[in-house]
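S.K.: Below is one structure. I have some questions about it.
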Amino acid sequence: MSMTELRIVILLIGAVVLWLIYYFGKKSEAQDDAIDLSDVDVKIDLNTETPRINDLPRKSTGISVDEAHEMHEQQNQNSNEKIITLFLHAKDGQQFDWHLIQSAAEQVGLELGKDNLYYRFKGFGENKELVFMVANMLKPGIFQPDMRTTGLVLIMTLPGVMPALDMWDTMFPVGERIAEILGGKLTDENHHIFSRQRIASMREEMRDFEHQQSI
C-alpha cells in the first residue's frame, strides 16, 4: 500500500473517530442506541497487498484507533491534510428508514461497499477513485437492511482525487439532495445549518487550501 493510500485510510478512520468523540460526547447517557466509544474496537489493516476500493480494512495489525487518531492530529498540525464533514440529521423525534436511504443513495450516485458504507467515486471500474464516503451516525456506523437511524455523516479528505473546490462541489450538492429526499437537515461540522454566508466561506476555504497546496 502506498503512502498516499495509507494516509487516506488513516484520515478516514481518524475522521470517524473525531466525529464520534465530538458528536456522541454531547449525547445523553440515556440514548442507548448511540455509538459508545468503549464498544468500538477498530484496527487498521496495513498488510493488504491489493487495495480494495470498496473495502475499509478491518484486520488488527497493532495500530489502534488511538494511534491513528494521534497520527491524524499530527498530520492536521502540518496543514497538509484536511477533513471535511457534513452531518445529515433527521427531524426531531424522527428517523431515516433504510429503504428511503437506499433509494436516496441510488438517486445521487452513491455505491454501497462490501463494508456496508456508501461511497462516491470518480471514474468507473478499475479506474475509479474515492471522492467521499457516507456512514451511519448510529453504531456500528454501517448500513443494514431494515435499519433506522437518526442521521448520516458525509466525510471527505483533502487533498483528494480532484481540486479541493471540485471535491466540495461534488459532496455538498449530494448532501443537499439526500437531505431533500429524506426530509432532513444538513449541517456543518459544528452542527450549524448552512447559510449562504457559510457556503461561501466553505468555498473560500477550499480555494485557500488548494492555494496552500500549490505553494
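The values are calculated or read from the model by the stated rules, or taken from the named source; none is laboratory data. Computed from a prediction, not measured in an experiment: that's the story for all the values here. All Cβ positions, even for glycine, are placed from backbone atoms using ideal geometry, and neighbour counts span all protein chains on display.
S.K.: Assuming Leu110 fulfils every condition listed in (1) surrounded by 15 or more Cβ atoms within 10 Å (Cβ to Cβ); (2) modelled with pLDDT under 95 apart from one, which condition is it?
M.R.: (2)
S.K.: Within the stretch 135-154, identify whether any single residue is in a helix (DSSP H, G or I) and at positive phi, and answer yes or no. Can you show your working first?
M.R.: We begin by selecting, within the stretch 135-154, every residue in a helix (DSSP H, G or I); these are none.
No: the stretch 135-154 contains no residue that is in a helix (DSSP H, G or I) and at positive phi.
S.K.: Could you grab the pairs with beta carbons closer than 7 Å, sequence gap of 6+ or different chains, first residue in the stretch 96-117 and touching a residue at least 60 places away in the same chain (Cβ under 8 Å) and under 13 Å from Val174 (Cα atoms), second one buried (at least 16 other Cβ atoms within 10 Å of the Cβ) and hydroxyl-bearing (Ser, Thr, Tyr)?
M.R.: Within 7 Å, the pairs are Ala105/Tyr118; Leu110/Tyr118; Leu110/Tyr119.
S.K.: Which one is surrounded by the most Cβ atoms within 10 Å (Cβ to Cβ) among residues in the stretch 180-200 that are among the charged types (D, E, K, R) and assigned to a helix (DSSP H, G or I)?
M.R.: To start, the set of residues in the stretch 180-200 that are among the charged types (D, E, K, R) comprises 180, 185, 188-189, 196, 198.
Keeping just the survivors that are assigned to a helix (DSSP H, G or I) gives 180, 196, 198.
Working: Glu180: 11, Arg196: 7, Arg198: 14.
The extreme case among them is Arg198.
S.K.: If you don't mind, another one. Among (1) among the charged types (D, E, K, R); (2) over 21 Å from Gln107 (Cβ atoms); (3) in a helix (DSSP H, G or I), which single condition is Arg177 missing?
M.R.: Among (1) among the charged types (D, E, K, R); (2) over 21 Å from Gln107 (Cβ atoms); (3) in a helix (DSSP H, G or I), the lone unmet condition for Arg177 is (2).
S.K.: Across the stretch 155-174, which residue is farthest from Gly109 (Cα to Cα) among those that are more than 13 Å from the chain's Cα centre (by Cα) and outside any helix (DSSP H, G or I)?
M.R.: Here the residue is Pro159.
S.K.: Within the bounds of the stretch 201-210, is there any residue that is surrounded by 16 or more Cβ atoms within 10 Å (Cβ to Cβ), touching a residue at least 40 places away in the same chain (Cβ under 8 Å) and not in a helix (DSSP H, G or I)?
M.R.: No: zero hits.
S.K.: For Thr157, indicate whether it is in contact with a strand residue (DSSP E or B) (Cβ under 6 Å, 6 or more places away or on another chain) and surrounded by fewer than 20 Cβ atoms within 10 Å (Cβ to Cβ).
M.R.: Answer is no for this residue.
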